């Protein structure tokens, strides 16, 4: 009778370790998805709203299309709905400011995603693109 109890206890202990390991991996995956959403997707959503004039004016002023810059109107980027990424002096704070981070994230999106006019379809395509990476 004792060997059976020992085998069952050992099996339960082994299954417990496997489940804990899987939970840790699942937690890492969900944290990664949360980080992707909070870092990049929110900036993309705000940039989309800025591009269509549905954001506050101080944010719209940060989103300068390449077509509005006289020296860049003939570049290939002018036809791809890209935005100007301003220079920043502080490498720790400057690149995290929306004025710099928003255009960087927006310019990293695929062309067909940037071309979406409808807000709901943009969100749907953005989620699809994020989770396929």
Given a Förster distance of 25 angstrom, what is the FRET efficiency for residue 68 paired with residue 124, based on the Cβ-Cβ distance and rounded to 0.05?
-> 0.30
Simple spin-label estimate for residue 133 and residue 111 in nanometres, 7 Å along Cα-Cβ | 2.0 nm
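Every number here is computed from the coordinates shown, using simple stated rules; none is lab data. Every value quoted in this text rests on a predicted model; they were computed, and no experiment measured them. Neighbour counts run over all protein chains shown; Cβ positions are idealised from the backbone, glycine included.
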